[in-house]
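Novice: This is the structure I have questions about; it appears just below.
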Amino acid sequence: MFRNYFKTAWRSLLKNRLSSFINVGGLSVGMAVAMLIGCWIYNEWSYNRQFANYDRIAQVWQLWSGGQQAQWQLPAAVGDELRAKFGSDFKRVVKSSRTLEHVFAVGDKKLVEKGNFIEPEGLELFSVPMLQGDHGGLKVPNSILLSASTARALFGNDDPVGKVLSMDDTVSLKVTGIYADFPYNCALREVSFLGSWDLFAVIDPETRYNGKSWGDNGWQNFVQLAEHADLAQVSAKISPLKAQHDPMLDAAGHNVNHTTLFLYPMSRWHLYSEFKDGDANTGKIRYVRLFGLIGVLVLLLACINFMNLSTARSEKRAKEVGIRKVVGSMRGQLIGQFYSESLLVAFLSLGFALGLVTMAIPFFNELSDTRTTIPWANPLWWAACAGFTLFTGLVAGSYPALYLSSFRPVKVLKGVWRAGRLAAAPRKVLVVVQFTVSIAMIVGTVIVFRQVQYARSRPVGYDQGGLVMMHLHTQDIHQHFGAFRDALMHTGAVAEAAESVAPVTESWPFNGGLHWTGHTQWDGEADFSMKGITQGYAKAVGLQFVKGRDFQTGPDGADALTMVLNEAALKNMKLKDAVGKTITWQKTNFTVIGIVKDVVMESPYETPFPAMYYLAPYPMSYVTIKINPAVGAQEALRKISPVVGKFSPAEPFDYNFVDDTYDAKFKDELRIGTLAGFFTVLAILISCLGLFGLASFVAEQRIKEIGVRKVLGATVFNLWGLLSREFILLVSVSFLIAIPIAWRVLAQWLQQFAYRTEVSWWIFAVAGMGALVITLLTVSYQAVKAAMTNPVKSLRSE
């Protein structure tokens, strides 16, 4: 019986080649989109799950500014206190540095790699996959573990274990182990080396002191919960720890440090990485939901095509159904026949969809910045494909099977059965659904790109042109910075150079020990970026002074204890004029000498960060160089490189243009827009395929009417309008439905940005007109073709 079903279904497909091509093509594209998005969602969901202790790992975070802000940067002393007071709640407590860049050298080879300095137990906590050596490798003095790719880059095919390398031209390290590179969907994917915590104290003497300080928020603290421990309960127990050890007293002697600690589980690190009002309730999870919805909608459009074309050809199959019923077919058998046809189409589409996915994966990975793969060898993948295809076939074939099997044979065979006006109503509804989705996706794509361009065009408060940043990995340049700057200026390629503690495009917030007359920051209203710089930074970056002056001497001169504020800092301090006022920071008094315009350092979508600039007397990690506008960028870099090599031989000339770094801040939204645009095009393509098939059927169904009208004098334009009118009406209805839906969703999406564009009426008008034009182009071919048919052929049998 089933063999006969599929044989009949195959013959039906071959007989109706155009509708079969549209069905298989539409379903293939829809299934390919759903499969791509499904693979990507699985990749996002499986983030960090390769760690054996995934369910028990957490990072210690702190809430501050009245519980509104959250950060992972904490004092290293937190880890020691957790071990001492709450040891029974944790199986492991591990202190770690931030992921830092260092220069490694073996002979003439120099590499800049990122990694962490971590306590030895961290290897067990993160179940680091060792290829050579073991987890005890970091207990050896002056030891280091390298990732497999870093070891190959430094030592080639030689065995690296036991060999010595130089780090930052200051310390020699022995390689005691090699570990497999962490996968791309992992929080440690950038970690190319692991050094011991004790080693960090050797290369950075201040670490010994800061490791005991409760005021230095520069470290990471990871924990592995004991088997009996509950995360929420332990998190509540450790909550007051920092406030107890780092009190901030008001004038009355009361502790106003409201900082609280909490445990942030690894299961939420990736998808719920953005904190708002002290709660990590958003992040990449919104993209997972968005593209999951897009995948469902695109597949639904493909299924709608199948339903529409199958029911549209109902009159051609009415006699077949009637004869089958007369000779004894039960309705259940007819339903089985039509389901077999839809399943055959679905499984044929699966084959083509797998081919499309295979070809699209590299392009998709480039767009989405992932390493999504198709798990060909996984039986669960094939089971999921089979179940997914079966579900698609049943959904796509449900309405045709139930509708076609309901025909009454007496009326059909007497020739008195007609589908009637109401029979076309479901098809019209489905077409409206298709174009409602398509129009809404068009509007969404336009809004995303418009938001990106709106943020890109905002004033950033400084001059990005010709601005180059260098990350310093040694202190050689800092120790001779005056001579280094003079040498750069002497090349004629540099207009100015200055040091800073942070990049131009970042602000590192600070929320402790800051006071000014009549006010204290600890009421939770704001936090500030304390940016240590050298003289000349304002000129190099192009800060725009609105009041006061720039620094005129170095950290040892008259301006040693002075500050320059931006306008956002002035606003948050609730001061009309701060020039000449005294600000106390870390028990040191600073005099404000100038106010500059706000600088966009963090997210270009948010309000500017309050910033305070001061002359730092200690080594800084970044050099900002302003290229002479009269010199080309490539020529300038060629002249700068030997100067860097002269003053810091161990350091490669590693640089970034500030405008490129700033543009990278838009990558997530651009990626969303590009992917949404890509899927929108596919959704429109699927909708147009269905529209083309329906137009073909309508033209074929009304061929005699068209012939009569032509004989009576109707022009091609009249007939084109006659056949197109219905589709134009359906798209217009879709447009009216899509407007409120798209407006509500997009207005809500834009609320996450403090600096945002508006949802303008013309965007909907353009989307509606675009959908209308696409509809006319799709329908016109069939309409004009039918209108130009010789009426003699269509009326010959009348």
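Novice: Can you tell me which residue in region 428-461 is modelled with the highest pLDDT, limited to those that are out of contact with any Phe, Trp or Tyr (no Cβ under 6 Å at 6 or more places or on another chain) and among the small types (G, A, S)?
Specialist: Top of the filtered list is A440.
Novice: Contact list please: Cβ distance under 9 Å, first residue in region 751-780 and open to solvent by less than 40 Å² (accessible area, probe 1.4 Å) and at pLDDT below 85, second residue assigned to a loop (DSSP other than H, G, I, E, B) and among the polar types (S, T, N, Q), pairs at least six apart or on different chains.
Specialist: Final answer for the pair search is F753/S603.
Novice: A further question follows. Give me the pairs, please: first residue somewhere in region 458-480 and of a type in the set (K, R), second residue anywhere and surrounded by fewer than 16 Cβ atoms within 10 Å (Cβ to Cβ) and in a loop (DSSP other than H, G, I, E, B), beta-carbon distance under 9 Å, and either six or more positions apart or on two chains.
Specialist: R458/Y755
For (1) in contact with a Ser or Thr (Cβ under 6 Å, 6 or more places away or on another chain); (2) more than 17 Å from V501 (Cα to Cα); (3) open to solvent by 40 Å² or more (accessible area, probe 1.4 Å); (4) part of a strand (DSSP E or B), each residue gets a yes or a no:
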site	(1), (2), (3), (4)
T607	no, yes, yes, no
Y614	no, no, no, yes
P617	no, no, yes, no
E635	no, yes, yes, no
I640	no, yes, no, no
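Novice: Let me ask something additional. Among the numbered criteria (1) surrounded by 17 or more Cβ atoms within 10 Å (Cβ to Cβ); (2) of a type in the set (V, I, T); (3) in a loop (DSSP other than H, G, I, E, B), which one does V564 miss?
Specialist: So V564 meets the others, but not (3).
Novice: Restricting to region 128-180, give me the number of residues that are touching a residue at least 60 places away in the same chain (Cβ under 8 Å) and assigned to a loop (DSSP other than H, G, I, E, B).
Specialist: Number satisfying all stated conditions: 5.
Novice: Taking L570, is it open to solvent by 20 Å² or more (accessible area, probe 1.4 Å), under 17 Å from V599 (Cβ atoms), outside any strand (DSSP E or B) and out of contact with any helix residue (DSSP H, G or I) (no Cβ under 9 Å at 6 or more places or on another chain)?
Specialist: Numbers: open to solvent by 20 Å² or more (accessible area, probe 1.4 Å): yes; under 17 Å from V599 (Cβ atoms): yes; outside any strand (DSSP E or B): yes; out of contact with any helix residue (DSSP H, G or I) (no Cβ under 9 Å at 6 or more places or on another chain): yes.
Taking the combined requirement at face value, the residue satisfies it.
Novice: Take region 270-284 and flag every residue that is in a loop (DSSP other than H, G, I, E, B), within 14 Å of the chain's Cα centre (by Cα) and touching a residue at least 12 places away in the same chain (Cβ under 8 Å). Outline the logic, then answer.
Specialist: Step one: filter region 270-284 for residues in a loop (DSSP other than H, G, I, E, B), giving 270-273, 277-278, 283-284.
From the residues that got through so far, the ones that are within 14 Å of the chain's Cα centre (by Cα) too are 270-273, 283-284.
Across region 270-284, the qualifying residues are H270, L271, Y272, G283, K284.
Novice: Now for a different question. Testing V600 on (1) assigned to a loop (DSSP other than H, G, I, E, B); (2) open to solvent by 10 Å² or more (accessible area, probe 1.4 Å), one condition comes back false. Which one is that?
Specialist: (2)
Novice: For region 499-509, check the following and say yes or no: at least one residue is in a loop (DSSP other than H, G, I, E, B) and open to solvent by 30 Å² or more (accessible area, probe 1.4 Å). Explain how you work it out, then say what you get.
Specialist: Let us first name the residues in region 499-509 that are in a loop (DSSP other than H, G, I, E, B), namely 501-508.
After this cut, where a residue has to be open to solvent by 30 Å² or more (accessible area, probe 1.4 Å) as well, the list is 506, 508.
Checking region 499-509: at least one residue is in a loop (DSSP other than H, G, I, E, B) and open to solvent by 30 Å² or more (accessible area, probe 1.4 Å).
Novice: Turning to a different aspect of this structure: Restricting the search to region 564-593, which residues are hydroxyl-bearing (S, T, Y) and in contact (Cβ under 8 Å) with a residue 40 or more places away in the chain? So that I can check it myself, show each step before the final result.
Specialist: At the first step, the residues of region 564-593 found to be hydroxyl-bearing (S, T, Y) are 582, 584, 588, 591.
If the condition is that a residue be hydroxyl-bearing (S, T, Y) and in contact (Cβ under 8 Å) with a residue 40 or more places away in the chain, then T582, T584 are the ones that fit.
Novice: Tell me which of these T176 doesn't satisfy, since it passes every other one: (1) under 27 Å from L74 (Cβ atoms); (2) more than 36 Å from the chain's Cα centre (by Cα); (3) crowded, with 16+ Cβ neighbours inside 10 Å.
Specialist: (1)
Novice: Right, something else. If I go through region 85-115 residue by residue, how many of them are closer than 16 Å to W219 by Cα and either open to solvent by less than 10 Å² (accessible area, probe 1.4 Å) or hydrophobic (A, V, I, L, M, F, W, C) (or both)? Steps first, please.
Specialist: Step one: filter region 85-115 for residues closer than 16 Å to W219 by Cα, giving 93-101, 114-115.
Within this subset, residues satisfying the condition of being either open to solvent by less than 10 Å² (accessible area, probe 1.4 Å) or hydrophobic (A, V, I, L, M, F, W, C) (or both) are 93-94, 96-97, 100, 115.
Matching residues across region 85-115 total 6.
Novice: Then there's this: Going by the structure shown, is L154 of a type outside the set (D, E), crowded, with 17+ Cβ neighbours inside 10 Å and over 12 Å from V191 (Cα atoms)? Give the steps one after another, and end with the answer.
Specialist: Numbers: of a type outside the set (D, E): yes; crowded, with 17+ Cβ neighbours inside 10 Å: yes; over 12 Å from V191 (Cα atoms): yes.
Taking the combined requirement at face value, the residue satisfies it.
Novice: OK, next. Name the residue that is modelled with the lowest pLDDT, counting only residues in region 576-597 that are buried (at least 18 other Cβ atoms within 10 Å of the Cβ) and more than 21 Å from D463 (Cβ to Cβ). If you could, list the steps in order and put the result at the bottom.
Specialist: Start the filter on region 576-597 by keeping residues that are buried (at least 18 other Cβ atoms within 10 Å of the Cβ), which leaves 578, 583, 585, 590, 592-596.
Narrowing the set further to residues that are more than 21 Å from D463 (Cβ to Cβ) leaves 578, 583, 585, 590, 592-593.
On the way: A578: 85, I583: 87, W585: 81, F590: 92, V592: 93, I593: 94.
Among those residues, the one meeting the criterion is W585.
Novice: What number of residues within region 297-341 are at pLDDT below 75, open to solvent by 40 Å² or more (accessible area, probe 1.4 Å) and either of a type in the set (S, T, Y) or in a loop (DSSP other than H, G, I, E, B) (or both)?
Specialist: 4
Novice: Inside region 615-632, can you point out the residues that are closer than 25 Å to D476 by Cα and of a type in the set (A, V, I, L, M)?
Specialist: L615, A616, M620, V623, I625, I627
Novice: Restricting attention to region 263-286, report how many residues are closer than 22 Å to G79 by Cβ, modelled with pLDDT of 85 or more and open to solvent by less than 50 Å² (accessible area, probe 1.4 Å).
Specialist: Residues that pass the stated criteria total 5.
Novice: Take region 707-733 and flag every residue that is over 23 Å from A425 (Cβ atoms) and either part of a helix (DSSP H, G or I) or open to solvent by less than 60 Å² (accessible area, probe 1.4 Å) (or both). Write out each step before concluding.
Specialist: Going residue by residue through region 707-733, those that are over 23 Å from A425 (Cβ atoms) are 707-720.
Answer for region 707-733, where residues must be over 23 Å from A425 (Cβ atoms) and either part of a helix (DSSP H, G or I) or open to solvent by less than 60 Å² (accessible area, probe 1.4 Å) (or both): G707, V708, R709, K710, V711, G713, A714, V716, F717, N718, L719, W720.
Novice: Something else about it: Test of understanding: among L350, L344, which residue is open to solvent by 30 Å² or more (accessible area, probe 1.4 Å), under 25 Å from V395 (Cβ atoms), aliphatic (A, V, I, L, M) and part of a helix (DSSP H, G or I)?
Specialist: L344
Novice: Restricting to region 642-690, and then to whatever is of a type in the set (F, W, Y) and assigned to a helix (DSSP H, G or I), can you tell me which residue is most open to solvent (accessible area, probe 1.4 Å)? Outline the logic, then answer.
Specialist: First pass over region 642-690, keeping only residues of a type in the set (F, W, Y): 647, 653, 655, 657, 662, 666, 678-679.
Then keep just the ones that are assigned to a helix (DSSP H, G or I); that gives 647, 662, 666, 678-679.
On the way: F647: 37, Y662: 5, F666: 0, F678: 60, F679: 1 Å².
Of everything passing the filter in region 642-690, F678 is most open to solvent (accessible area, probe 1.4 Å).
The values are calculated or read from the model by the stated rules, or taken from the named source; none is laboratory data. Predicted, not measured: the structure shown is a model, and the values here were computed from it. So basically every Cβ, Gly included, is an ideal-geometry build from the backbone, and we count neighbours across all protein chains shown. Ligands, DNA and RNA are excluded from the accessible area calculation, which covers all protein heavy atoms including side chains. Shrake-Rupley method; radii C 1.70, N 1.55, O 1.52, S 1.80 Å.
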